[in-house]
1. What are the residues in the range 137-153 that are assigned to a helix (DSSP H, G or I) and either over 22 Å from the mean Cα position of the chain (by Cα) or not acidic (Asp, Glu) (or both), if any?
2. Please state which one of GLY222, GLY213 is touching a Lys or Arg at 6+ places or on another chain (Cβ under 9 Å), at pLDDT below 95 and more than 28 Å from ALA120 (Cα to Cα).
3. Starting from residues that are part of a helix (DSSP H, G or I) and in contact with a Lys or Arg (Cβ under 8 Å, 6 or more places away or on another chain), keep the ones in the range 163-181 and report whichever is modelled with the highest pLDDT.
4. List, please: which pairs have Cβ atoms under 7 Å, are six or more places apart or on different chains, and start with a residue in the range 328-352 that is touching a residue at least 60 places away in the same chain (Cβ under 8 Å) and end with one that is surrounded by fewer than 23 Cβ atoms within 10 Å (Cβ to Cβ) and among the aromatic types (Phe, Trp, Tyr)?
5. Go through the residues of the range 110-133 one by one and say whether even a single one is in contact with a His (Cβ under 8 Å, 6 or more places away or on another chain), farther than 21 Å from CYS335 by Cβ and exposed (fewer than 14 other Cβ atoms within 10 Å of the Cβ).
6. Tally the residues that are surrounded by fewer than 24 Cβ atoms within 10 Å (Cβ to Cβ) and either basic (Lys, Arg) or assigned to a loop (DSSP other than H, G, I, E, B) (or both), restricting the search to the range 246-284.
Amino acid sequence: LWMRSPKARAVLKIRSEVVQAIRQFYYERDFVTFDSPIFTPNPCEGTSTLFETDYFGEPMYLSQSGQLYGEAGAMAFGKIVVFGPTFRAEKSKTRRHLTEFWMIEPEVCWTNLDEVMQLAEDNIHYIVQWVLQKCRPELEAIGRDIAKLEAIQKPFPRLSYLQCQEVLQVLKRAYMKGKNADLSEFVLPEIPGMSKTIRFPEELSNKDIKRMGSDILHNGLGDDLGAADETALSWLFDSPVMIHRYPAEVKAFYMKRDPEDPKYALCVDMIGTEGFGEIVGGAMREESEEVLVAAIKKHGLEMDSFSWFLDLRKYGSVPHGGFGLGLERVLMWLCNAHHIRETVPFPRTMVRMRP
């Protein structure tokens, strides 16, 4: 019955238009739509979030990502896009997690990290413009601040992980002053598009801001960004911000390391505005069979399950990369939804499996 409410119908109509925008975006750019299997013997994003099932006496998993199969498709067609459901057995009850969600995963040959970031930027900007053109009544029905979507312009800001750490160190100190935080007192790296004023949501109290300040950089240098880090960064920009070259040790085994500094991976995360966190994650892929074998062993994965994936390198590979765009997270951001379950007709979470 929830779907009969005006708000739910508006959000799900926007979802329908976003799906159409995505398909049109890749069709206009001559990408081949490529289907990946739902049952797979391969973990893609780590073994701790796998849904395992018995497949006629053999262990099989629900797909965490279509990316590995997308790489095979890209080697055949040059550029492909996988669009389908993915599954993560994450024991998380946050408002940003589903156990079943939809991913858009383009994969492109003969590319580099800058081009991967540009494709992601173009894709998100295209979606925003499509929604503004096609869904204005629905945006108004859910009370979305349309001006904030209209403010999203290219080029999107880009920060390296190290620049990001510099900014976060300043924000951590500034947040301890609550709503009186003033970035003009601090030395910040020059980042195009970055505001020197922190745009705190009105509902936040001084206590909330100071608590968040204590959570910034909780993981420490050399680790992945936490939710507080991503939120704090997003309040400095009108457009999504792209953070690139994270430490390789905290990223997936298949990501290519930066030849100029192998401690870092040639990867990127895109953070949505207004505190909505990561909406896109991408990288260049390691094309060396020898390096991949070592990475698979280091991560404790079963080599036999990846023999077909290694064959993609053994019999010839080229520089290639891509990204994953989480449909529900993008919708949550576009609709300013409080919980990600509002963006899908029948959500699946850690505590919800019916109807």
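The values are calculated or read from the model by the stated rules, or taken from the named source; none is laboratory data. Just so you know, these numbers come straight off a predicted model, no measurement behind them. We place every Cβ from the backbone using ideal geometry, glycine too, and count neighbours over all the protein chains shown.
1. Filtering the range 137-153 for residues assigned to a helix (DSSP H, G or I) gives 137-141, 146-150.
Result: PRO137, GLU138, LEU139, GLU140, ALA141, ILE146, ALA147, LYS148, LEU149.
2. Working: GLY222 fails: more than 28 Å from ALA120 (Cα to Cα).
Unique residue meeting the criteria: GLY213.
3. If we filter the range 163-181 for residues that are part of a helix (DSSP H, G or I), which is where we start, we get 163-175, 178-180.
In the following step, the residues that additionally are in contact with a Lys or Arg (Cβ under 8 Å, 6 or more places away or on another chain) were identified as 175, 178.
Values: TYR175: 91, GLY178: 86.
So the residue we want is TYR175.
4. Listed by first residue and then by second, the contacts come to GLU328/PHE101; GLU328/TRP102; MET332/PHE276; TRP333/PHE276.
5. Of all residues in the range 110-133, those in contact with a His (Cβ under 8 Å, 6 or more places away or on another chain) come to 110-111, 113, 117.
This time we only want the ones that are farther than 21 Å from CYS335 by Cβ, so: 110-111, 113, 117.
Cutting the leftovers down to exposed (fewer than 14 other Cβ atoms within 10 Å of the Cβ) gives us 110.
So far as the range 110-133 goes, yes, one or more of its residues are in contact with a His (Cβ under 8 Å, 6 or more places away or on another chain), farther than 21 Å from CYS335 by Cβ and exposed (fewer than 14 other Cβ atoms within 10 Å of the Cβ).
6. Here the count works out to 13.
Conditions (1) without any contact (Cβ under 8 Å) to a residue 40 or more places away in the chain; (2) farther than 30 Å from PHE346 by Cβ; (3) surrounded by fewer than 18 Cβ atoms within 10 Å (Cβ to Cβ), marked per residue:
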| position | (1), (2), (3) |
| --- | --- |
| ARG95 | no, no, yes |
| LEU139 | no, no, no |
| ILE146 | yes, no, yes |
| GLU166 | yes, yes, yes |
